[in-house]
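Novice: My questions will all concern the structure given below.
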Amino acid sequence: MKKLISGIQPTGRLHLGNYLGAIKNWVDLQDKYDCSFFIADLHSLTIKISPEELAKQSREIAIDLLALGVDPKKSLLFKQSEVTGHTELAWIFNCLVPISELERMTQFKDKSLRQPDNVNAGLLTYPALQAADILLYQAEYVPVGEDQIQHLELSRIIAKKFNNRYKNFFPEVRPVLSPAPRLMSLSDPKKKMSKSLGEASYIAIRDDANTVAKKIKKAVTDKQGVNNLLSLYSYFGDKDKLQTMQADYQAGKLLNVDLKEELTKIILEFLNPVQKRVQELEKNPSKVDKILADGAKKAQKTATKNIEDIKKIIGLK
Ligand code: ADP
Ligand code: TRP
C-alpha cells in the first residue's frame, strides 16, 4: 500500500474547516493507504503557547481525531515529538534548503506580521521540519487543505535536492485535496475559516448546540456568505434539499433564516455523535495514552531505519 501521512498543530480547537479540508480525507483514505497521522507539537512551538496549553490541546486534538474517525486499528496516531528522527532530518534539510525559498512562504510572511515580537528562527525553518515529517517515512501522499500546498511544494524541492545531491531516496510528495480545500469564514467570507480569525469565524467540533446556532445566526449573508453557507450545507446535507435551496436562491426566494435553520440542524446532526465519542474518550485517558504510545512505537521503527539509511547516504556513518 502507498504511504500517506499528515499532521495538525495542537494550537486552538479543531473546526469544520480543518475537518472538511483535511481530516475527513484522513478518515476516508484509511482503507486505501498505509496511513500515519500525528500531532505536530514541535511545530506549535513557533507560536507562544504555555506548557499547560500545549499539553492540554495535544490531548484534546488526539481525542477529537479519534472521535472523528481516525481508527488506530488502521492508522498510526502519535505525537511528533515522541518520535526521534523528525528533528534530526529537519536539520539535514535545513542545510539543503535555500533561505530565499523559506522567506517566500506565505505562512512565514503572515505569521511574522501577526507576531512581530516573536519572529523566531523556527517560524522560518518550519517547512524544513514539515518536509522531514513526511519524508522521514518516505511518504508520498499528504492530505491537507489548500493553504498547505506551498509547504508541500517546498517539500518536493527539498526531496529533489537531496536525491540529486546524494542518491535517489525520497519519493515525490503529492498533496491530496478534499472537495472543500478552502472553507470560508462565517464572519468574514472573503477569508478562510481559521482559528486565527477568532471564535465567530468557525464552528468548533466541540461547540455545543447553542453556540453552533448562535454562530450560524450571526454569519454574514452577503453573496459570498450565502454561497459559503450553501456549500457548507452541501457537505453535510440532503442533495434534494440543497437543490431546492439553490433554485430558491437563484429565484431570490431563499430566506436567510430558513437556510440558517436547516444548516444548524444538519451540522448538529453531524456533531452530536462525534461529541458523544469525545465524552467517552475524555473519560478514558489511559486508552488515549496507549493509542498514542503504540503509534509512536511503530512510527519509531520506520524512522530509526530510515535515519540510519540517510546517515549512511550522506556520510555520517
Ligand atoms: P487554522 O487556520 O485554523 O489554524 P491549521 O493551519 O491548523 O488551521 O490547519 C490544519 C489543517 O486544516 C491543514 O491541513 C489546513 O490546510 C486545513 N484547513 C485549515 N483551515 C481550513 C479551511 N478553512 N478550509 C479547508 N481546510 C482548512
Ligand atoms: N503545517 C501543517 C498545518 O499547519 C501541519 C503539519 C506539520 C503537516 N507537519 C506536516 C501537515 C506534515 C502535513 C504533513 O496545518
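The values are calculated or read from the model by the stated rules, or taken from the named source; none is laboratory data. Computed from a prediction, not measured in an experiment: that's the story for all the values here. Because the Cβ atoms are built from the backbone with ideal geometry, glycine has one as well, and the counts that use them run over all protein chains shown. Ligands, DNA and RNA are excluded from the accessible area calculation, which covers all protein heavy atoms including side chains. Shrake-Rupley method; radii C 1.70, N 1.55, O 1.52, S 1.80 Å.
Novice: Could you list, in sequence order, the residues of the stretch 186-220 that are surrounded by 15 or more Cβ atoms within 10 Å (Cβ to Cβ) and of a type in the set (Ser, Thr, Tyr)?
Specialist: Passing the criteria: Ser187, Ser194, Ser201, Tyr202.
Novice: Now a separate question. Test of understanding: among Lys74, Lys79, which residue is closer than 26 Å to Asp309 by Cβ and charged (D, E, K, R)?
Specialist: Lys79
Novice: Moving on to the next point. Restricting attention to helices (runs of 4 or more DSSP H) lying wholly within the stretch 80-174, give those where 3 or more residues are open to solvent by less than 30 Å² (accessible area, probe 1.4 Å) and away from ligand 1 (no atom under 16 Å from the Cβ).
Specialist: Passing ranges, in order: 86-94, 121-135, 149-165.
Novice: Please go through the stretch 186-202 and give me each residue that is within 16 Å of ligand 2 (Cβ to nearest atom) and over 18 Å from Arg114 (Cα atoms), ordered by number.
Specialist: Tyr202
Novice: While we're looking at this one, here's another question. Name the pairs whose Cβ atoms lie under 8 Å apart, with the first residue in the stretch 247-272 and farther than 19 Å from Asp207 by Cβ, the second open to solvent by 60 Å² or more (accessible area, probe 1.4 Å) and not in a helix (DSSP H, G or I), and 6 or more positions between them or separate chains?
Specialist: Hits for this filter: zero, empty list.
Novice: Another question about this same structure. Give me a count of the residues in the stretch 297-317 that are more than 9 Å from Gly85 (Cβ to Cβ) and touching a Ser or Thr at 6+ places or on another chain (Cβ under 9 Å).
Specialist: Of the residues in the stretch 297-317, 1 are more than 9 Å from Gly85 (Cβ to Cβ) and touching a Ser or Thr at 6+ places or on another chain (Cβ under 9 Å).
Novice: Residues in the stretch 72-87 that are within 11 Å of Ser36 (Cβ to Cβ) and within 17 Å of the chain's Cα centre (by Cα): how many?
Specialist: Matching residues across the stretch 72-87 total 5.
Novice: A further question follows. So which residues in the stretch 247-277 are of a type outside the set (Asp, Glu) and open to solvent by 80 Å² or more (accessible area, probe 1.4 Å)?
Specialist: Correct list: Gln250, Lys253, Leu255, Val257, Lys265, Asn272, Lys276, Arg277.
Novice: Looking at Gly69, Gly17, Gly21, Gly7, can you tell me which residue is away from ligand 2 (no atom under 14 Å from the Cβ), assigned by TED's automatic domain parsing to the domain that holds Pro171 and open to solvent by less than 50 Å² (accessible area, probe 1.4 Å)?
Specialist: Gly69 is the lone residue from the list that is away from ligand 2 (no atom under 14 Å from the Cβ), assigned by TED's automatic domain parsing to the domain that holds Pro171 and open to solvent by less than 50 Å² (accessible area, probe 1.4 Å).
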